[in-house]
Structure formats: structure tokens, C-alpha cells
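The structure's right below; bear with me while I get my questions together.
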Amino acid sequence: MLILYDFGNSVCCQKVRITLVEKGLTWEARRVDLFKTEQYDPQYLKLNPKGVVPTLVHDGTPVIESTLICEYLDDTFPDPPLMPKHPAERARMPRRATRLRRSRATKSRPANSGAPIKLSCRPTARLTAPT
């Protein structure tokens with residue numbers, strides 16, 4: 001069973017929800033209201049001592065940090081894969097992600113390296129936990 005502790009406005013949480021949707025996984029959502037400082041609740045701090053969101057609990061084991069959660073989901077549920085199979089393509093991923101982050105930070109377009117950046121997202125995807 002997958003339980004995602006998240007807050008709707010958090011970009012890090014959105015990244016994990018997109019990954020869950022892309023993988024076609026179902027999960028239980030548990031809202032952690034950052035405006036009410038629920039991330040510092042002693043019960044939540046047992047799962048995530050950093051007191052941040054998101055936290056994914058899979059079969060009783062917590063995984064924290066959004067990037068690590070996405071990698072964990074890709075390793076644990078390999079189909080469909082989020083990363084290319086070819087090692088050279090995987091090696092280019094960190095550079096692509098860095099270019100995307102920088103372009104968003106500077107509000108400019110990423111430099112064109114000649115290789116297309118493939119982003120996958122179903123336009124009708126629901127980014128909330130299935131009911």
C-alpha cells in the first residue's frame with residue numbers, strides 16, 4: 001500500500017503525484033497542512049524527521065525527499081519506466097533537469113543541445129489520490 005503525505009501547493013509533492021499518475025499507481029493521500037505547521041506534529045516527525053513534505057510510505061517503510069521518492073517508485077514499479085533504458089540517455093538526464101531548473105529560474109528557454117527534452121504527462125491525468 002502506498003500512502004503519500006503531501007500538501008497540494010508544494011512543487012515537490014506535485015512531482016511525486018505526477019510520477020504516481022505516470023506509473024498508473026493508486027495511493028492514499030494524507031494532507032499535511034503546512035500553513036497549520038502540521039509537518040511538526042510528533043507523529044509526522046516519526047516518519048519524516050526533517051518535517052517536510054512529501055513523505056511516501058510503502059508497506060510501512062517511509063521514503064523522504066521528492067527526487068528519491070520518484071527514483072524509488074521507478075525502481076519498485078518498473079513499468080512504465082520513467083528513465084531511458086540506454087545508459088547514454090540516462091547520463092544526459094541530470095543535464096536536462098539542470099537546464100530546465102535554470103530556465104525556470106531565469107524565465108528563459110533552455111539551451112538547445114540538439115537532443116529533445118522528452119516530458120511525459122497525460123493531459124487528462126488526475127493528480128489527486130484515486131478514491
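A short reminder: the numbers here are calculations on the coordinates, not readings from a lab. Note that the structure is predicted; figures quoted are calculated from it, not measured. Please note: Cβ atoms are built from the backbone with ideal geometry, for glycine as well, and neighbour counts cover all protein chains shown.
Collect the residues in region 1-54 that are touching a strand residue (DSSP E or B) at 6+ places or on another chain (Cβ under 6 Å) and of a type in the set (S, T, N, Q), keeping them in residue-number order.
ASN48
Do you know which residues across region 18-50 are polar (S, T, N, Q), closer than 30 Å to PRO81 by Cα and crowded, with 18+ Cβ neighbours inside 10 Å?
THR19, ASN48, listed by residue number.
Let me ask something else about it. Is it the case that LYS15 is closer than 29 Å to PRO81 by Cβ, buried (at least 17 other Cβ atoms within 10 Å of the Cβ), free of Cβ contacts under 8 Å to residues at least 60 places away in the same chain and of a type in the set (D, E, K, R)?
Values: closer than 29 Å to PRO81 by Cβ: yes; buried (at least 17 other Cβ atoms within 10 Å of the Cβ): no; free of Cβ contacts under 8 Å to residues at least 60 places away in the same chain: yes; of a type in the set (D, E, K, R): yes.
Criteria not met by LYS15.
Follow-up. Could you check how many residues of region 48-82 are closer than 20 Å to GLU28 by Cβ and either basic (Lys, Arg) or part of a strand (DSSP E or B) (or both)?
The total comes to 8.
Moving on. Name the residue that is farthest from the chain's Cα centre (by Cα), counting only residues in region 6-37 that are assigned to a loop (DSSP other than H, G, I, E, B), farther than 16 Å from HIS58 by Cβ and of a type in the set (A, V, I, L, M, F, W, C).
Only one residue tops the list, namely VAL32.
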